[in-house]
Each structure stands twice: as C-alpha cells, then as structure tokens.
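Engineer: So that we are looking at the same thing, I have put the structure below in structure tokens.
The values are calculated or read from the model by the stated rules, or taken from the named source; none is laboratory data. Quick caveat: nothing in here was measured; it's all calculated off a predicted structure. Every residue, glycine among them, receives a Cβ derived from its backbone with ideal geometry; neighbour counts consider all protein chains shown.
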Amino acid sequence: MEKCVIDAAAGRKKAALVFKNATVVNVFTKQLVKADVAVEAGVIAGVGQYNGETEVDCTDKILCPGFVDAHIHVESTMAAPYQFARAVAPSGTTTVVADPHEIVNVCGAEAVEWLLQASEDLPVDIYWMIPSSVPATPFETNGAPFSAREMAPFAKMGSRVAGLGEVMCYPDVVAGTGEIYDKLALFRHKHIDGHAPGLSGKELAAYAAAGIETEHECTSFAEAKEKLAAGLAILVREGSAAKNLTAIVEGLLKENVPTDRFLFCTDDKHLDDIAREGHIRWNVHQAVQLGMSAVDAICMASFYAARVYGLKGVGAIAPGYKADIAILDDLKEINVHAVYKDGVPIEQRIAAAKFVPAPDALVHTMHFTPVLPAQLALPVQGKAHVIEMVPYQIVTKHALEQVPCENGLFRPNSTYSKLCVVERHGKNGNIAVCPLKGYGITGGAIATSVAHDSHNIIAAGDNDEDIALAVNHLQQTGGGYALAAGGKILGELALPVGGLMSERPWEEIRDATNSILKKAAQMGIPYHVDPFISLSFMALPVIPSLRLTDKGLFDVDRFDFVQ
C-alpha cells in the first residue's frame, strides 16, 4: 500500500477526497454507520472523521460498495466491452465476472485475447472466466475448437483471469469422463463455476467433489438449498429472460437461511432493460421489495461476490479496499445518485476509457449457403415432439402432441411456430426443424445468429418464405437479428462482431433493439416471452428438457437425440 494512503488513514495528511457526513454500509458488521469516508490514490484510507483536499457532502446519502455481477456474458448485452461498461457503470456496477463462451464458441482463443485487451482500463473491472465447454456438447456444431491445450496459456495469467467458466457438461463430470477433467486440473488453483440445472443427490455430490464452486441455474429455493448444502455458492439470477430472484429470495426469507453464500448475477440482460432498470442495482431493489434488508441485499451484491471469487480489495467500504462506491438516495428504492470508480467520478472514468476495436477475424463470421424455403419442410406422421416454452424461464418442456399438418407437412399457426437452426460456421450446412409451442409469432419470422452456445442461426416463424428471408438477411448484416413479414425485412439489428455484438454506442444498440422488439410484439409473441433471448436459448442442449441444435432435436434429460 502506498505511504500516502497510510498517512491519510492516520490523519497525518488531508485525504485527496473525503465523502462527508455519509451513512456508510459496513458489510462486515452489517450496520449503518454515520461517518466520513477518506479516499487516497484510488483506495479507501479510512472511515471516521476526516478532512480532504476535495470534499463531497453526503448528508442524507448512503455510501455502499460498488456492485458486482457474479456471472454475466458480456456478449448477451450485444455491446462490446467498452460500450458495455458505459451502459452498466452509471447504475452502480463497478465489477463483473464474465464468461465469454458465446464469442469463444464462434472464434476460439483469438476472441479471449481481444476481450482481455478490450477490457483494460475500463470504468468497470472485468474479471474473465475461461470457457470450459466449447462447444457445450458434441451434439452441435460450433465455430472454433477450444480444448484444454488452447486454454492452457490463459490458466497461467494473473488475477484478471479469475478461473474456469461454467462447467456445463455436467454428465461428463458426474461420469468421470471426458476432456473436462484436463480443464478442471488446469484451473485447480483458481475459481471454477458451475452450471447443472436440476442436478441432485449423489450426482450433485459428484459434481461438487470435482471442484465446482458455484451454481446459477437454480429455479426454485429447494434446488438452491440442496446445492448450498453441498457447498456451492448460489448465484441468484435476474436477467431479461431467466428470472429466478423472487423464488430464491422468498425462500431465504421464509426459512431464515444465511445469505453469505448467495450472490447476485444477471447472466443475460438486454441493454433496454439495463437502461430502464439498472444492472445489479435492480437485483438489490427487487430483493428489498420482497422484504430482504437492504444491507443484506447490498452484501450479496458486493462483498459476498468478491469473497467467493477471491477478488482482493473489492466489495467493501473499509481501509485498503478499492474506492469503488455507489452513492444511494435511499435504502428502499435503491436509487443510485452517483458512482465513483477508484475514487474518480464515473463520468470521468468513462470519458478516459479506451476503445479497442475487434480484429477482422471476429467481424466476418457468417459462413453459410443461402437457405431455400423448401429446405425447411418438416414431414409429420401422427404426433410430433414439441419444444414447449415455460413463461419467464429458459427451461422447456418436452411435449408429444398432434400438430397442424397439410399434405403430411407441419404447418405452423398461432399455437405452434416453426423453429429452425441453420449451421453458419461453414462446417456442414446442417438444417434442423421442429415445432415450438408458446412463442406465438404469426405473420412472419425472426432469425438471429445469437443461439446459445454454438451460435448457429436460429429462427422461428409461421411460414417458410419469411423464415428463409430472415435467415439469409443475416449474411448482409454480418449477423444479429432480422424480422421478416410478407416477403419483406421489417427490422434488423446488425451485430457484426462474432454475429453477437456491435461496437456502436450502446444507446444506438438499445434503440435499434427497442425498435425491432416493438415490431416483434405486434406479431403475437406474448409479453412473458423475450422475442430475442428466449429464442436464443432454444438451441442450448444443456438446459432441460428439449432443444434444437443444427444436428437435430435433443432430449437434455436423456442426453441424446430424439429418435
């Protein structure tokens, strides 16, 4: 620690900055303390009575640590790191733990190298988890390999590489087979994230015994409680599509379970939601509205997350900690009045941040032959296997139902949409089709190159012509979203970086997103379905129960294709 910090802490010199007359959230004692907070050289020097070269009056204000998102995919905001940081920092987020498995599935190790460069000196500290499951399973086609050999150099890096990203191939872990054990060994000295929806009993014990430390896929408190008892830290997720906070927080309050192993995350959250609600600030707000004490919620959003991930000097307003501070107007609505990063107003940090453009290899990633409507035909005899969506969740149900047909072919309607996945990495040209229940789109189609986790093109619609038109339009935009109706493109959102992100200002991305979302909402998609994120998850073969990959309809519960 610099001597000037110690001198300021001891009162031998005026601190560079002092927040006067504040109410300070102490995450160690869980008390609110009336005090001044002294900052020197970007670090909190002391909490007590101090004078500063610059003083900020915080009478009637609450000072709490900057918020930490314990698990996010930056790509899912559709903004490159620089723009992502601009979007989330003003609502109090100063640190995130990010897993870039989206773009690594498209571009491999080169994507990690760019992200490390692009996230230096931003107004938000980004700690990277190296993707463990690229692809998530062998049952889909992704864009680039990322084996233990490719990830080994990153395992040797310093603190900005926090560990191994969510281990989605939980059947391999439980069975004790596969390359995942080489990856676990590489990161045994760092943190290892989990992803095992529904795992229970001895299988859960085997998963935890392999060194997995967290879980963000709990959709009920009962599941969260069992995984907590197995030693996992529980990441309480509240994003744009997956909303698990209410169920878990209500369970915590009802059973009076300690919160110190519960953290907040968003996982996947759109820019329009961030602009309207804030980022992790919204998780805190929602927990408080459910009856949790504001101090407990703030601890979950800061110190508890930093402690689980081993982020030294993060998550507290105390001597020696980073001066990452959110100034709140109140402890009920959790309105953020101002934000300081390393003791500097967030506006100044944003202005000083540097933008690192994506290399060409990450910008040209659409490699598929234009799709013909005839290639999307789906013969049906008797009942068909149907992916049934679950409101507000990314899990699905596996239904076997009579679907509308004409001349032996599936004909979508307002109940059953046609879901298609088109391989776009130039590997095999696969196309897979199935019925989708609950999406509701009529009079057109939506296509996107955002399709977790291998990010082939996924599309849903009620007629083959518009589906093909929307899919093919993505070649012109370099990826993103396209909305077609009546043989015309009605809206688009270009995401040329890996087919996942844009380098445009986040406000422009948000506005373009809102425009196409409004048009999609007029096509029958119900309010409880996010037209983008919900669709994007229909291809992920590690979330129960039924998914569609480019190789066919996949039963996640059986971990095999539907025959």
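Engineer: Look through the range 60-75, keep the residues that are in contact with a helix residue (DSSP H, G or I) (Cβ under 7 Å, 6 or more places away or on another chain) and not aromatic (Phe, Trp, Tyr), and return whichever of them is farthest from ASN26 (Cα to Cα). Break it down into steps so the answer makes sense when it comes.
Structural biologist: Start the filter on the range 60-75 by keeping residues that are in contact with a helix residue (DSSP H, G or I) (Cβ under 7 Å, 6 or more places away or on another chain), which leaves 64-65, 67-70, 73-75.
From what's left, not aromatic (Phe, Trp, Tyr): 64-65, 68-70, 73-75.
Working: CYS64: 8, PRO65: 9, VAL68: 16, ASP69: 19, ALA70: 20, HIS73: 30, VAL74: 30, GLU75: 33 Å.
Result: GLU75.
Engineer: I would also like to ask the following. Can you find a residue in the range 533-541 that is of a type in the set (Ser, Thr, Tyr) and surrounded by fewer than 22 Cβ atoms within 10 Å (Cβ to Cβ)?
Structural biologist: Here is the first cut: in the range 533-541, the residues of a type in the set (Ser, Thr, Tyr) are 534, 536.
Narrowing further to those that are surrounded by fewer than 22 Cβ atoms within 10 Å (Cβ to Cβ): none.
Taking every residue of the range 533-541 in turn, none turns out to be of a type in the set (Ser, Thr, Tyr) and surrounded by fewer than 22 Cβ atoms within 10 Å (Cβ to Cβ).
Engineer: Provide a single number: the residues in the range 364-398 that are within 19 Å of VAL422 (Cα to Cα) and of a type in the set (A, V, I, L, M).
Structural biologist: Selection size over the range 364-398: 9.
Engineer: Counting only residues that are outside any strand (DSSP E or B) and out of contact with any helix residue (DSSP H, G or I) (no Cβ under 9 Å at 6 or more places or on another chain), how many does the range 50-59 have? Even if it seems obvious, please write down each step before you answer.
Structural biologist: Keep residues of the range 50-59 that are outside any strand (DSSP E or B), which gives 50-51, 58-59.
Subsequent filtering for residues that are out of contact with any helix residue (DSSP H, G or I) (no Cβ under 9 Å at 6 or more places or on another chain) retains 51, 58-59.
Residues that pass the stated criteria total 3.
Engineer: Among the residues of the range 174-195 satisfying the criterion of being part of a loop (DSSP other than H, G, I, E, B) and at pLDDT 95 or above, which is nearest to HIS71 (Cα to Cα)?
Structural biologist: In the first step, residues of the range 174-195 are kept if they are part of a loop (DSSP other than H, G, I, E, B); the result is 176-179, 187-190, 195.
Remaining after also requiring at pLDDT 95 or above: 187-190, 195.
Values: PHE187: 18, ARG188: 19, HIS189: 19, LYS190: 16, HIS195: 11 Å.
Top of the filtered list is HIS195.
Engineer: Need a quick list: helices (runs of 4 or more DSSP H) entirely within the range 201-274 having at least 2 residues that are outside the structural domain of ILE543 (by TED's automatic domain parsing) and either acidic (Asp, Glu) or in contact with a His (Cβ under 6 Å, 6 or more places away or on another chain) (or both).
Structural biologist: Details: elements: 201-209, 221-229, 245-255.
Filter on the range 201-274 gives 221-229, 245-255.
Engineer: Every residue in the range 215-240 that is among the aliphatic types (A, V, I, L, M) and touching a residue at least 12 places away in the same chain (Cβ under 8 Å), please.
Structural biologist: Pass one, the range 215-240, residues among the aliphatic types (A, V, I, L, M): 222, 224, 228-230, 232-236.
Across the range 215-240, the qualifying residues are ALA222, ALA224, LEU228, ALA230, LEU232, ALA233, ILE234, LEU235, VAL236.
Engineer: A further question follows. Residue under question is ASP69, and the condition is that it be among the acidic types (Asp, Glu) and over 16 Å from VAL314 (Cβ atoms); does it hold? Break it down stepwise before answering.
Structural biologist: On the way: among the acidic types (Asp, Glu): yes; over 16 Å from VAL314 (Cβ atoms): no.
No; evaluated as a whole, the condition is false for this residue.
Engineer: Could you say whether any residue in the range 521-532 is under 21 Å from ILE103 (Cβ atoms) and at pLDDT 95 or above? Explain how you work it out, then say what you get.
Structural biologist: Restricting attention to the range 521-532, the residues satisfying the condition of being under 21 Å from ILE103 (Cβ atoms) are 530, 532.
Adding the requirement that they be at pLDDT 95 or above leaves none.
No, the range 521-532 contains no residue that is under 21 Å from ILE103 (Cβ atoms) and at pLDDT 95 or above.
Engineer: What is the number of the single condition among (1) over 26 Å from ALA275 (Cβ atoms); (2) crowded, with 23+ Cβ neighbours inside 10 Å; (3) in contact with a Lys or Arg (Cβ under 9 Å, 6 or more places away or on another chain) that ALA79 does not meet?
Structural biologist: (1) is the only condition that ALA79 fails.
Engineer: Could I ask something else about it? Do you know which residues across the range 60-95 are among the charged types (D, E, K, R) and either in a helix (DSSP H, G or I) or within 17 Å of ARG349 (Cβ to Cβ) (or both)?
Structural biologist: Quick first cut of the range 60-95, residues among the charged types (D, E, K, R) only: 60-61, 69, 75, 86.
Hits for the range 60-95 are GLU75, ARG86.
Engineer: If you take the residues in the range 96-124 that are in a loop (DSSP other than H, G, I, E, B) and touching a helix residue (DSSP H, G or I) at 6+ places or on another chain (Cβ under 7 Å), which one is farthest from PHE303 (Cα to Cα)?
Structural biologist: Residues of the range 96-124 that are in a loop (DSSP other than H, G, I, E, B), as a first pass: 99-100, 108, 119-124.
Cutting the leftovers down to touching a helix residue (DSSP H, G or I) at 6+ places or on another chain (Cβ under 7 Å) gives us 100, 108, 119, 122-124.
On the way: PRO100: 23, GLY108: 32, SER119: 22, LEU122: 21, PRO123: 19, VAL124: 16 Å.
Only one residue fits best here, namely GLY108.
Engineer: Which ones in the range 214-231 are crowded, with 23+ Cβ neighbours inside 10 Å, of a type outside the set (S, T, N, Q) and touching a helix residue (DSSP H, G or I) at 6+ places or on another chain (Cβ under 8 Å)?
Structural biologist: GLU215, CYS218, ALA224, LYS227 - these are the residues of the range 214-231 that are crowded, with 23+ Cβ neighbours inside 10 Å, of a type outside the set (S, T, N, Q) and touching a helix residue (DSSP H, G or I) at 6+ places or on another chain (Cβ under 8 Å).
Engineer: Is the range 250-261 home to any residue that is among the polar types (S, T, N, Q) and either surrounded by fewer than 24 Cβ atoms within 10 Å (Cβ to Cβ) or out of contact with any Lys or Arg (no Cβ under 8 Å at 6 or more places or on another chain) (or both)? Can you show your working first?
Structural biologist: First, the residues of the range 250-261 that are among the polar types (S, T, N, Q): 256, 259.
Checking the rest, the ones that are also either surrounded by fewer than 24 Cβ atoms within 10 Å (Cβ to Cβ) or out of contact with any Lys or Arg (no Cβ under 8 Å at 6 or more places or on another chain) (or both) come to 256, 259.
Looking for residues that are among the polar types (S, T, N, Q) and either surrounded by fewer than 24 Cβ atoms within 10 Å (Cβ to Cβ) or out of contact with any Lys or Arg (no Cβ under 8 Å at 6 or more places or on another chain) (or both), one finds at least one in the range 250-261, hence yes.
Engineer: From the list ALA306, ALA377, ALA353, ALA361, exactly one residue is in contact with a Cys (Cβ under 9 Å, 6 or more places away or on another chain) and in contact (Cβ under 8 Å) with a residue 60 or more places away in the chain. Which is it?
Structural biologist: Values: ALA306 fails: in contact with a Cys (Cβ under 9 Å, 6 or more places away or on another chain); ALA377 fails: in contact with a Cys (Cβ under 9 Å, 6 or more places away or on another chain); ALA353 fails: in contact with a Cys (Cβ under 9 Å, 6 or more places away or on another chain).
Matching residue, one of ALA306, ALA377, ALA353, ALA361: ALA361.
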